[in-house]
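Some notes on the structure that comes next.
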Amino acid sequence: MDDSEKLRLAAALLGGGAMGAIINAILTSYRNRVQPVGQRTDVIAIFSRTLDDTALPTAITVEDGGVEHRFTNLFIAEVVITNRGNRDIKDFRLGITLDDGDSAINATAKGADRMHVAEQLTKVCPATSSDTIDFILTPFNRRDSYSLKLWLVAPDGKAAPGAIKFSSDEAVRFVRMPTVAELMQGALIELKVGPLSITRPNR
């Protein structure tokens, strides 16, 4: 039984009158609240060269359509988008905006199964990179999650891509979920005694 059903049951038990009106108002407000959408972003460095690496100038080569493209700062951003609200959304339009100077050279997205489809509206490739990418997630029901993978290029001298911004034309607010590294760090407690280090699960 979800929260809205519990409120309906409470309203029925308490009957009409002022208390019933108050509970109905609370229930309406709960249903109409701005829906939370969780986002988790993990960035992995595939190849990164900073200003300190000028002694041996190197780059990574990506081949696309028979054409080679060279990049000095290439990263993969693994993104998870989850509907944490109480409302099912048939078609959820998701907008991604990268930090100034950053660009995407490839992007993929997938749902949990073949009935959950992620359509990429903005096509990007090494020859036509972009700092904005749009998707439509169909459907985006309660607790549904979609996985996105973005190949990002940062300017020379930038240690990592900047913050990724998420937006939608739906009445939602994006809330940050812990990264995989943060989850692992929270699951372990490390105890150091002199040269010894003891790690145990965090309960």
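The values are calculated or read from the model by the stated rules, or taken from the named source; none is laboratory data. Owing to the predicted nature of the structure, the values given are computational and were not obtained by experimental measurement. Positions of Cβ are backbone-derived with ideal geometry, glycine not excepted, and every protein chain shown enters the neighbour counts. Keep in mind that these areas ignore ligands, DNA and RNA; they rest on the heavy atoms of the full protein, side chains included. Shrake-Rupley method; radii C 1.70, N 1.55, O 1.52, S 1.80 Å.
Looking across the stretch 122-155, just one residue is within 9 Å of Ser103 (Cα to Cα), open to solvent by less than 10 Å² (accessible area, probe 1.4 Å) and either free of Cβ contacts under 8 Å to residues at least 60 places away in the same chain or assigned to a loop (DSSP other than H, G, I, E, B) (or both), and that is Ala154.
For Ala163, the test of being out of contact with any Cys (no Cβ under 6 Å at 6 or more places or on another chain), in a loop (DSSP other than H, G, I, E, B) and open to solvent by 50 Å² or more (accessible area, probe 1.4 Å) is passed. When the stretch 94-108 is filtered for residues that are open to solvent by 30 Å² or more (accessible area, probe 1.4 Å) and part of a strand (DSSP E or B), the ones remaining, listed by number, are Thr97, Asn106, Thr108.
Step by step: first the residues of the stretch 70-93, then only those that are of a type in the set (D, E, K, R) and in a strand (DSSP E or B), then the one that is least open to solvent (accessible area, probe 1.4 Å). Which residue is that? Outline the logic, then answer.
At the first step, the residues of the stretch 70-93 found to be of a type in the set (D, E, K, R) are 70, 78, 84, 87-88, 90-91, 93.
The next check asks that each one be in a strand (DSSP E or B); those that pass are 70, 78, 93.
Values: Arg70: 166, Glu78: 74, Arg93: 101 Å².
Step by step, filter the stretch 70-93, then rank; the result is Glu78.
Of the residues making up the stretch 92-110, none is out of contact with any helix residue (DSSP H, G or I) (no Cβ under 6 Å at 6 or more places or on another chain), modelled with pLDDT under 95 and aliphatic (A, V, I, L, M).
Residues of the stretch 137-166 being small (Gly, Ala, Ser), in contact with a strand residue (DSSP E or B) (Cβ under 8 Å, 6 or more places away or on another chain) and farther than 22 Å from Glu119 by Cα, which ones?
From the stretch 137-166, those small (Gly, Ala, Ser) are 145, 147, 154, 157, 159-160, 162-163; that's our starting set.
Among the residues that remain, those that are also in contact with a strand residue (DSSP E or B) (Cβ under 8 Å, 6 or more places away or on another chain) are: 145, 147, 154, 159-160.
Within the stretch 137-166, Ala154, Ala159, Ala160 meet the criteria.
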